[in-house]
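This report concerns only the one structure given below.
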Amino acid sequence: MGKNGQAYLVGAISAIGGFLFGYDTGVMSSILEMDFWKAYFHNPGPTGVGVIVSLLTAGCFVGSLFAGWLADRFSRKRTIMSACVVFCLGAAIQCGSRNRGMLIVGRFIAGLGVGCLSMTVPVFQSEIAPAHIRGRLVSLQQWAITWGLLVAFWIDYGCHFIKSDAQWRLPIGIQIVPALILFVSMIFMPYSPRWLVDNDRVDEAHKVLARLRSGGNMNDTEVVEELEEIKEAVRVDRETAVRSYLELLRFPIRRRVVLGVVIQILQQLTGINVIMYYASTIFKQSGLSGDNASLLAQGINGVVNMLATIPAILWIDRWGRRKTLMFGSLGCGVTYFIQAVATGATQHKTVDSDGNVNLNMPDGPSYLVIVMMYLFVISFAMTWGPIGWIYPSEIFPMRIRSKANSITTASNWLFNFIIGLVAPILIKKITWGLDLIFAIIMFASIGIIYVFFPETKNRNLEDMEVIFTGSAWAYKDKQRIAEYDNGQHHNIDTKESV
Ligand code: BGC
């Protein structure tokens, strides 16, 4: 195993939390179309379906808010393990549902687990990672999310051939397996060294760092130096800081909270989940005839999402966060704009007696829309997907990191919830108008990132403190940061974030 092998291993194991996130958010969309499911729950109407789908996201919202406190109090590791137990309970209730009430309660409980994992996993990964591969390790959770979405889709697809209630019970129940794998594997994973130091367990932290950085050599200079840095940072934290949620509203943390919340909201405002949740409706609407064709197009979509995350894992620490986000916004904005023009110029909208919309577009423009949708997913997966989670997990100091991340993560779930609720209405009502709205948001986000978001790749904690206590106009602040870098005695590229 290479030098960072242990860090990769711990990062990869905890990323299974991302798999649960993706699987559970993806699994319901095809189940809603399954005959045995509809018959068992007496054909829920749009409101019933809305409640069943969105209760998961509501649970995620609540779970992520609680996770901040839990992860500080009981450790990142134990919080991840507890979230697995809660998740299994929620999945078991859903799987064994005898009525709608049980299904809804099960969705909410599973959501508590997913929300908790979605906050704790990136924080844990970023705390065990050496700075120069931190982006990569946190991207692993995003990759796992895409795998979860993908596997859920194809398992649903396979199960729709079963002609009994197992058709829907199986895909829901099977997610207990990865949750158990995560639970058991986490027993063997270390505590976050930062959390250990913060809880006065310095000797253990020393051992963990040695395991993560140097194959167990406690005398390794890098290990000793890093431990000293963490101790120093925790000492300074204790002298200067109160550890309450109130601190999130005060200088110098407030700016970072705003940036963390904005980046998570913008990640949802890319509209990715309009595609993830409703792709088959959109594909059908724009002319892909037959259920199978649109299902297949959605399945391919999942594969594209997963594959396009790989470049981010490989190169995000080289590309940096700012440029990558701006590039992603440009890609998303342009693809939305082309979809809006192609649809707006050629649609002849009709609505059938069941309320299904057909845009009656000619073949050319309708294929163009589908290709643009895939290019959009690629633009998202390489950029906003991973960085939406990386950035908040790395900008806060130890004392407040998990509390702050619980707020940023909850904002992500809140907007996920809102978009899930309004998108199906807008897709039918304003069709290409929705593409135009997303295009405008994406173009505006280029300016927002350029003006307000400092670069964070390869930085350690002291650098973060310097970077975020300067001018709020990030693009004007380069001179000061360059001066700081020139005054540094060490090579910041290989330093760790505390
Ligand atoms: C987002 C999810 C989305 C997924 C798609 C994640 O980063 O937070 O809302 O469904 O990416 O890959």
Restricting to Cα pairs under 8 Å and 6 or more apart, the percent relative contact order of region 84-179 works out to 33 percent
In degrees from 0 to 90, rounded to the nearest 10, what is the angle of the helix 221-240 Cα long axis to the longest principal axis of the chain?
80 degrees
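Once every DSSP H run of n ≥ 4 in the chain is given -39500 (n - 2.57) and the sum is divided by its residues, what mean residue ellipticity at 222 nm do you get, rounded to the nearest 500 deg cm²/dmol?
-26000 deg cm²/dmol
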Dipole magnitude (debye, nearest 20) for the chain, charges at Cβ of Lys, Arg, Asp, Glu
620 debye
Expressed in nm to one decimal, what extension gain is obtained for the pair residue 73 and residue 371 from 0.36 nm per residue of sequence separation less their Cα-Cα distance?
102.5 nm
Within a Cβ distance under 13 Å of residue 165, other residues only, what is the Lys/Arg minus Asp/Glu net charge?
+3
Could you tell me the relative contact order of the chain? Use alpha-carbon pairs under 8 Å, at least six residues apart, and round to a whole percent.
23 percent
Along the charge dipole of the chain, Cβ charges K/R +1 and D/E -1, which of 306, 67, 467 sits furthest on the positive end?
67
Under a crude label model (7 Å from the Cα following the beta-carbon direction), how far is residue 33 from residue 201 in nanometres?
4.8 nm
Give me the number: length gained by fully extending residue 477 to residue 356, i.e. 0.36 nm times residue separation minus the C-alpha to C-alpha distance, one decimal in nm.
38.3 nm
Is region 355-406 best put as rounded, prolate or oblate by its Cα gyration tensor, with a ≥ b ≥ c the root eigenvalues, rounded for a/c under 1.5, and otherwise prolate when a/b is larger than b/c, oblate when not?
oblate
What full-extension length gain, to one decimal in nm, is calculated for residue 251 and residue 327 as 0.36 nm per residue of separation minus the Cα-Cα distance?
24.3 nm
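Can you flag which of 231/457; 38/428; 403/429; 231/403; 77/231 are past 29 Å Cα-Cα?
Too far apart for the 29 Å limit: 403/429.
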Under 19 Å by backbone N from the virtual spin label 7 Å along Cα-to-Cβ at residue 220, the residues of region 296-317 are none
0 to 90° range, to nearest 10: angle between helix 291-319 axis and the chain longest Cα axis:
20 degrees
Placing +1 on each Lys and Arg Cβ and -1 on each Asp and Glu Cβ in the chain, then taking the dipole about the Cα centre, the residue among 199, 348, 336 whose Cα reaches farthest towards the positive end is 348
Residue 286's amide H: which non-local residues (gap 5+, or another chain) put their own amide H closer than 5 Å, with H modeled 1.01 Å from N in plane and none for Pro or chain starts?
none
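Each value in this text was obtained by applying a stated rule to the coordinates, not by laboratory testing. In this text, all values refer to a predicted model and were calculated from it rather than measured experimentally. Virtual Cβ from ideal backbone geometry, glycine too; neighbours counted across all protein chains shown.
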